[in-house]
Amino acid sequence: MTANATCQLALKEWAITVRALADGDQILMLRKGGIHEESKDFRVIHPEFLLYPTYLHQREYLLKDSHQPTLRQLLADDPADDDAVTFTHWAKVHELIEIDRQGKVEDLAPHHIWTDTYAQSRLHWKPMVPLTIMLLRVYRMENPVTVPFIPEYGGCRSWVDVIPTVNLGQLTPVVDDAAFAGMVAAVRDSLGLVPA
């Protein structure tokens with residue numbers, strides 16, 4: 001598949017979550033906002049973006065047992081290069097779903113790598129704001145692209161403008177159309193939503 005030939009916007013997310021998305025283990029992210037967001041709330045400012053893997057705040061106890069070894073490997077392999085960022089995957093928002101009840105978060109448990117406790121903590125942080133479930137179609141970039149790190153990428157913010165613009169090359173979906181449709185349907189069904 002070809003999409004926009006280039007991309008300049010990236011969404012920061014734990015490296016372990018980026019790996020799960022890249023491996024087709026899940027298609028969703030949970031968002032409420034970053035500490036340094038201008039509005040303090042998360043907003044999808046563009047439906048297409050690079051996935052920016054981050055290494056801060058990742059903890060084994062926040063993940064299901066099945067994904068803890070992967071995190072240990074990621075942390076062991078982390079080049080600890082604070083001078084560069086490498087992008088390997090690009091994502092497109094398929095659907096946004098807002099939830100505001102703990103029961104709904106529990107219903108999502110089969111569809112992600114986090115513990116129930118962690119997922120629920122995302123809901124309860126800033127309880128007046130609903131939790132945004134982002135269903136993403138993720139694509140592998142033809143070639144990884146490394147760019148220099150600049151201070152504007154730092155901090156607990158969700159979105160960064162990448163400099164220079166990243167050439168995407170050929171994009172390959174990490175799961176095929178039928179598998180993706182099935183994963184979307186399973187998430188929606190678990191939340192009691194009618195088929196899209």
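The values are calculated or read from the model by the stated rules, or taken from the named source; none is laboratory data. As the structure is a computational prediction, the values presented were derived from the model and not from experiment. In this analysis, Cβ positions are derived from the backbone assuming ideal geometry, glycine residues included, and neighbour counts consider all displayed protein chains.
Summary of values
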quantity: Test: residue in segment 56-66 that is at pLDDT below 75, surrounded by 14 or more Cβ atoms within 10 Å (Cβ to Cβ) and of a type in the set (A, V, I, L, M); calculated: no
quantity: Residue list for segment 138-159, restricted to those being surrounded by 15 or more Cβ atoms within 10 Å (Cβ to Cβ) and among the aromatic types (Phe, Trp, Tyr); calculated: TYR139, TYR153, TRP159
quantity: Verdict on LEU21 being modelled with pLDDT under 75, of a type outside the set (Phe, Trp, Tyr) and part of a helix (DSSP H, G or I); calculated: no
quantity: Positions within segment 133-171 being small (Gly, Ala, Ser) and touching a Gly at 6+ places or on another chain (Cβ under 9 Å), in sequence order; calculated: GLY155, SER158
quantity: Scan of segment 112-164 for residues that are under 22 Å from THR88 (Cα atoms) and assigned to a loop (DSSP other than H, G, I, E, B), ordered by number; calculated: HIS112, ILE113, PHE149, ILE150, GLY154, GLY155, CYS156, ARG157, SER158
quantity: Residue among THR117, THR86 that alone is of a type in the set (Ser, Thr, Tyr) and out of contact with any helix residue (DSSP H, G or I) (no Cβ under 9 Å at 6 or more places or on another chain); calculated: THR86
quantity: Only listed residue being buried (at least 19 other Cβ atoms within 10 Å of the Cβ) and either among the basic types (Lys, Arg) or under 19 Å from the mean Cα position of the chain (by Cα) (or both), chosen from VAL175, VAL166; calculated: VAL166
quantity: Residue satisfying condition, being at pLDDT 90 or above, surrounded by 14 or more Cβ atoms within 10 Å (Cβ to Cβ) and farther than 24 Å from LEU9 by Cβ, within set LEU108, LEU51, LEU135; calculated: LEU108
quantity: Looking only at segment 91-111, and only at residues there that are in a loop (DSSP other than H, G, I, E, B) and more than 13 Å from ARG188 (Cα to Cα), the one that is farthest from the chain's Cα centre (by Cα); calculated: ARG101
quantity: Inter-residue pairs, beta-carbon under 6 Å, first closer than 13 Å to TYR153 by Cα and in segment 42-54, second buried (at least 17 other Cβ atoms within 10 Å of the Cβ) and modelled with pLDDT under 80, 6+ apart; calculated: none
quantity: Residue within segment 162-169 that is out of contact with any helix residue (DSSP H, G or I) (no Cβ under 9 Å at 6 or more places or on another chain) and closer than 25 Å to HIS67 by Cβ present; calculated: no
quantity: Residues that are in a helix (DSSP H, G or I) and either within 30 Å of ALA84 (Cα to Cα) or without any contact (Cβ under 8 Å) to a residue 12 or more places away in the chain (or both), drawn from segment 165-182; calculated: ASP177, ALA178, ALA181, GLY182
